[in-house]
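A short worksheet on the structure shown next.
The values are calculated or read from the model by the stated rules, or taken from the named source; none is laboratory data. The model shown is predicted, which means the values in this text are computed figures rather than measured ones. Glycine gets a Cβ as well: all are built from the backbone with ideal geometry, and neighbour counts include every protein chain shown. Quick note on the areas: whole protein, heavy atoms, side chains included, nothing else; ligands and nucleic acids left out. Shrake-Rupley method; radii C 1.70, N 1.55, O 1.52, S 1.80 Å.
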Amino acid sequence: MSEVQKIMIAVASVFIMGFVLVGLSKEDQTPEQMEAAAKIRGMVAMQMMANEKCPQKIKEVTGEQVFTTSETESDKETYLTLKWVGENANNGGFKKASCTLHASLGGISELVIDDKVIIKKKI
């Protein structure tokens, strides 16, 4: 057997061993692990939706762009509330804004800017 054939067999056996190890190391998830993963995915989806919709709506209403939240409240399953403190309150901007998103509604359920309710949907 030539050296080239030996090297080819060695490389092929490394690949085969890799596939076998990966196949054997895959373990089935328990129902608890699948439930925890689903909760995390749901929370991430809610956070992404809130970070997309709330700043757009605040800019639409006030004309002021918001970036970083000052506070976040959530039960990590059904709702997420983001709060901002305005930077240009003296120049026609807002002092504080609060935006709540409920997973069951799939959108903004409550938007309050300077204690004035802009959006209020029943849950």
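Considering the range 100-109, the residues that are outside any loop (DSSP other than H, G, I, E, B) and under 16 Å from Asp75 (Cβ atoms) include one that is most open to solvent (accessible area, probe 1.4 Å), namely His102. Applying a threshold of 9 Å to beta carbon distances and a minimum spacing of six or more residues, or different chains, the list of pairs starting in the range 57-68 at a residue that is open to solvent by 60 Å² or more (accessible area, probe 1.4 Å) and ending at one that is among the polar types (S, T, N, Q) reads Lys59/Gln65.
Remark: pairs (first residue in the range 79-98, over 12 Å from Asp115 (Cα atoms) and open to solvent by less than 60 Å² (accessible area, probe 1.4 Å); second residue modelled with pLDDT of 85 or more and assigned to a helix (DSSP H, G or I); Cβ separation under 6 Å; 6+ apart in sequence or on different chains) = Leu80/Met46; Leu80/Ala50; Leu82/Ala50; Leu82/Cys54. Residue pairs whose Cβ atoms lie under 6 Å apart, sitting 6 or more positions apart in sequence or on different chains, and linking a residue in the range 25-46 that is under 21 Å from Thr72 (Cβ atoms) to a partner that is surrounded by 11 or more Cβ atoms within 10 Å (Cβ to Cβ) and at pLDDT 90 or above, are Met46/Leu80.
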